[in-house]
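Engineer: Here it is, the structure, as structure tokens.
The values are calculated or read from the model by the stated rules, or taken from the named source; none is laboratory data. Quick caveat, the model's predicted, so the values are computed rather than measured. Every residue, glycine among them, receives a Cβ derived from its backbone with ideal geometry; neighbour counts consider all protein chains shown. Note: areas computed on protein heavy atoms with side chains; ligands, DNA, RNA excluded. Shrake-Rupley method; radii C 1.70, N 1.55, O 1.52, S 1.80 Å.
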Amino acid sequence: MAYFAAVLARTEDGWDVSETELDNVETLADLADLAREAALDDDTVLVFIEQEDAWFAVVRVDGEEDPRIFVSDAAAAARSSYGDVVLTEELVGRAGDSEFDDLDNLVTELEDSEDAELSDDEEDDEEAPVTGPGGVPVGPLGDSELLSEFGVAAKDLLDLSGEGAEPGDALAEIADALGCAEVLEAVR
């Protein structure tokens, strides 16, 4: 399956876009180093990765900060060698976490103490997220807010990742919002 990867480095004049190869990139740290090499000073660098007709990822690197990642379909990415780069254990592990875990535990304890009517199997089915190979969640995963300061709201990014969305079209729309669609298309 073919892939496309581009590095978008923010400059005073907009975005400098260049196609890149991921053959020597084995980890997220390698990808972040590749992005930092393209940066002017500590400006923002984005890396677009598209696995043809399956998924896309956007990785944002701001200086020496930890990379921020968004993947359109984590389960599809898990079936790709390039998906291993962006699907870190921290990202995949966070998908199952909830800000309301303590509240959920309290509710569960109350239900148990009141002899809730649902069986344990039914409760597990309702709470279990849909997962793909290796327990990776199906659908979007990561920081959907990573492009909001550039005009791509979290809702818009999630909509571009929805069922039936084309990864190449999604990246083109993102590039259009960033003001670099023509440059991105030129390096494709």
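Engineer: How many residues, within the stretch 36-59, are open to solvent by 10 Å² or more (accessible area, probe 1.4 Å) and within 16 Å of Glu149 (Cβ to Cβ)?
Structural biologist: Final tally of qualifying residues: 3.
Engineer: For residues that are in contact (Cβ under 8 Å) with a residue 40 or more places away in the chain and in a helix (DSSP H, G or I), scanning just the stretch 176-185, find the one that is most open to solvent (accessible area, probe 1.4 Å).
Structural biologist: My answer is Val183.
Engineer: Also, I was wondering about something else. Considering only residues that are open to solvent by 40 Å² or more (accessible area, probe 1.4 Å) and of a type in the set (A, V, I, L, M), look in the stretch 1-33 and name the one that is nearest to the chain's Cα centre (by Cα).
Structural biologist: Applying the filter and picking the extreme gives Ala29.
Engineer: How many of the residues making up the stretch 56-85 are at pLDDT 95 or above and either closer than 13 Å to Tyr3 by Cα or hydrophobic (A, V, I, L, M, F, W, C) (or both)?
Structural biologist: Residues in the stretch 56-85 being at pLDDT 95 or above and either closer than 13 Å to Tyr3 by Cα or hydrophobic (A, V, I, L, M, F, W, C) (or both): 8 in total.
Engineer: Separate question: With the condition being among the polar types (S, T, N, Q), I'd like the strands (runs of 3 or more DSSP E) fully within the stretch 1-76 carrying at least 1 qualifying residues. Before the answer, list the steps.
Structural biologist: Numbers: elements: 3-11, 14-19, 44-51, 55-62, 68-71.
Those strands (runs of 3 or more DSSP E) span 3-11, 14-19, 44-51.
Engineer: Further question on the same structure: Name the residues in the stretch 143-167 that are part of a helix (DSSP H, G or I), open to solvent by less than 20 Å² (accessible area, probe 1.4 Å) and either in contact (Cβ under 8 Å) with a residue 24 or more places away in the chain or under 18 Å from Ala2 (Cα atoms) (or both), would you?
Structural biologist: Leu157, Pro167
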